[in-house]
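Asks: Structure below; questions to follow.
The values are calculated or read from the model by the stated rules, or taken from the named source; none is laboratory data. Note that the coordinates shown come from a computational prediction; the quantities given were computed from them, not determined experimentally. Note: ideal-geometry Cβ built from the backbone for every residue, glycine included; neighbour counts use all protein chains shown. The area values use the complete protein model at the heavy-atom level, side chains included, leaving out ligands, DNA and RNA. Shrake-Rupley method; radii C 1.70, N 1.55, O 1.52, S 1.80 Å.
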Amino acid sequence: MRIAVLGAGSLGTIVGAYLASGGMDVELIDAYREHVDALNQAGAKVTGTTEFHAEVKAVAPENKSGKYDLVLLLTKQLYNDSVLAELLPFLNEDSVVCSLQNGIPEQKVASIVGEKRVIAGSVEFGATFIEPGVSALTTEYNQFKQYAFQIGELNGETTERIERIRSVLELVGGTHVSDNLVGTKWSKLLINNAFSGLSAALNGMYGDILDHEIGIESAVHIADETIKVGHANGITFAKMGGFDVESLELNSESDIPERILTLRTTMEPSRLLRASMLQDLEKKRKTEIDYINGVVPAMAEGTGIQTPFNDLVVAQIQAAEESRTVPDFDTNIKAFKQLLSLK
């Protein structure tokens with residue numbers, strides 16, 4: 001099996017290193033030239049909660065060659081149109097593209113490469129890019145080895161190919177087949193919407209949202225909007241670590257205090273996280289906001305469901321992108337306070 005890790009950043013470097021060490025024929029593909037050169041010259045180095053090194057082969061996107069049997073898609077959704085169009089000549093009829101991106105990109109991916117080629121995937125570990133050729137694993141190592149990925153067919157079936165791909169990804173870390181991977185990705189989208197979106201819009205850590213009454217109540221409404229829009233589109237949200245994500249839906253305003261308590265308890269271990277979208281804003285880069293919070297208003301079209309809190313997150317981050325500035329917490333939280341006063 002010939003494998004491409006398309007987007008060999010913080011996560012892809014780790015994935016490629018373990019696949020190569022496991023004897024797989026794998027290419028790490030990335031547009032960052034210094035990173036590609038370092039990977040070829042010194043190999044992929046994994047630091048953080050473990051220390052690991054593997055010789056790998058890396059290429060720039062324009063140097064792809066031959067055909068890939070399996071493509072692990074780890075680029076940002078921002079670039080899917082061009083990245084996937086350029087990938088097509090390198091796919092066989094029965095090649096598989098496993099979407100490991102944030103959000104729910106599968107419909108878009110399928111529209112370009114063909115639905116029969118697509119399986120859904122969810123990365124369950126964290127990583128930070130350190131320098132060219134080096135990535136830090138930020139998830140505890142034993143947890144990583146037990147639970148690194150979820151994958152699944154779009155229709156929920158357990159097929160021969162999904163089991164074959166599971167066995168490949170097991171070389172990296174624990175890989176589990178789900179019969180509701182789309183529901184899993186919506187559950188992750190909900191958490192990203194409520195906390196990554198607010199972290200970027202307000203310029204704060206998750207803990208800043210948890211500790212601020214306006215911030216945490218806004219997170220509750222973002223989660224509620226995501227659940228209602230998901231349900232309207234036929235989504236059954238998957239549990240996350242045994243937590244019933246759908247229990248966050250609001251039936252009335254009187255539910256809000258209980259939902260706040262639930263979110264504070266559930267998200268407490270993540271209070272030090274800062275959204276990657278906030279890091280993008282700090283680097284004056286375009287974010288993936290259209291594919292995170294922006295998914296909810298897009299999918300709400302025609303349902304009659306209003307999504308003002310997700311809309312506000314999108315508007316604030318887009319304003320920061322356009323002005324090439326980083327949001328101010330005290331300024332932007334006022335808009336959420338005003339929105340809550342209208343409830």
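Asks: Suppose we filter the range 166-183 for residues that are open to solvent by 50 Å² or more (accessible area, probe 1.4 Å) and small (Gly, Ala, Ser); how many remain?
Replies: Total satisfying the criteria: 1.
Asks: Give me a count of the residues in the range 308-343 that are in contact with a helix residue (DSSP H, G or I) (Cβ under 7 Å, 6 or more places away or on another chain) and open to solvent by 50 Å² or more (accessible area, probe 1.4 Å).
Replies: Number satisfying all stated conditions: 5.
Asks: Which ones in the range 253-270 are among the small types (Gly, Ala, Ser) and either touching a Pro at 6+ places or on another chain (Cβ under 9 Å) or modelled with pLDDT of 95 or more (or both)? Walk me through it before giving the result.
Replies: Our first condition is that a residue be among the small types (Gly, Ala, Ser); within the range 253-270, this holds for 254, 270.
Result: 254, single match.
Asks: If you don't mind, there's one more thing I want to ask. Please return the ranges of strands (runs of 3 or more DSSP E) entirely within the range 36-141 where 2 or more residues are in contact (Cβ under 8 Å) with a residue 40 or more places away in the chain and surrounded by 20 or more Cβ atoms within 10 Å (Cβ to Cβ). Give the derivation first.
Replies: Details: elements: 44-48, 52-54, 57-59, 68-73, 91-99, 118-123, 127-131, 134-137.
Counting at least 2 such residues, we get 44-48, 68-73, 91-99, 118-123, 134-137.
Asks: Answer yes if at least one residue in the range 152-165 is outside any helix (DSSP H, G or I), surrounded by 16 or more Cβ atoms within 10 Å (Cβ to Cβ) and modelled with pLDDT of 95 or more, and no otherwise.
Replies: If we filter the range 152-165 for residues that are outside any helix (DSSP H, G or I), which is where we start, we get 152-159.
Filter once more, so that each one left must be surrounded by 16 or more Cβ atoms within 10 Å (Cβ to Cβ): 152-154.
Checking which are modelled with pLDDT of 95 or more leaves us with 152-153.
Yes: the range 152-165 contains one or more residues that are outside any helix (DSSP H, G or I), surrounded by 16 or more Cβ atoms within 10 Å (Cβ to Cβ) and modelled with pLDDT of 95 or more.
Asks: Same structure again: For the range 308-335, what are the residues that are in contact (Cβ under 8 Å) with a residue 60 or more places away in the chain, of a type in the set (S, T, N, Q) and within 13 Å of residue 202 (Cβ to Cβ)?
Replies: 316, 332
Asks: Additional query: If only one of 285, 274 is more than 16 Å from residue 218 (Cβ to Cβ), touching a Ser or Thr at 6+ places or on another chain (Cβ under 7 Å) and either open to solvent by 70 Å² or more (accessible area, probe 1.4 Å) or in a loop (DSSP other than H, G, I, E, B) (or both), which one is it? Walk me through how you get there before you give the answer.
Replies: On the way: 285 fails: touching a Ser or Thr at 6+ places or on another chain (Cβ under 7 Å).
One residue alone meets the criteria, 274.
Asks: Next up: If you go through the range 293-306, how many residues are open to solvent by 10 Å² or more (accessible area, probe 1.4 Å) and either under 14 Å from residue 275 (Cβ atoms) or in a loop (DSSP other than H, G, I, E, B) (or both)?
Replies: Of the residues in the range 293-306, 7 are open to solvent by 10 Å² or more (accessible area, probe 1.4 Å) and either under 14 Å from residue 275 (Cβ atoms) or in a loop (DSSP other than H, G, I, E, B) (or both).
Asks: Does any residue in the range 20-33 that is closer than 9 Å to residue 58 by Cα come within less than 9 Å, Cβ to Cβ, of a residue that is of a type in the set (D, E, K, R) and open to solvent by less than 70 Å² (accessible area, probe 1.4 Å) six or more places away or on a different chain, and which pairs are these?
Replies: Matching pairs, first to second residue: 26/2; 27/2; 27/64; 29/64.
Asks: Same structure again: Please indicate, with yes or no, whether at least one residue in the range 119-126 is at pLDDT 95 or above, out of contact with any Leu (no Cβ under 6 Å at 6 or more places or on another chain) and either over 17 Å from residue 18 (Cβ atoms) or of a type in the set (A, V, I, L, M) (or both).
Replies: Looking for residues that are at pLDDT 95 or above, out of contact with any Leu (no Cβ under 6 Å at 6 or more places or on another chain) and either over 17 Å from residue 18 (Cβ atoms) or of a type in the set (A, V, I, L, M) (or both), one finds at least one in the range 119-126, hence yes.
Asks: Looking at the range 184-204, can you tell me whether even one residue there is more than 25 Å from residue 277 (Cβ to Cβ), open to solvent by 50 Å² or more (accessible area, probe 1.4 Å) and either outside any helix (DSSP H, G or I) or among the polar types (S, T, N, Q) (or both)?
Replies: Of all residues in the range 184-204, those more than 25 Å from residue 277 (Cβ to Cβ) come to none.
Scanning the range 184-204 turns up no residue that is more than 25 Å from residue 277 (Cβ to Cβ), open to solvent by 50 Å² or more (accessible area, probe 1.4 Å) and either outside any helix (DSSP H, G or I) or among the polar types (S, T, N, Q) (or both).
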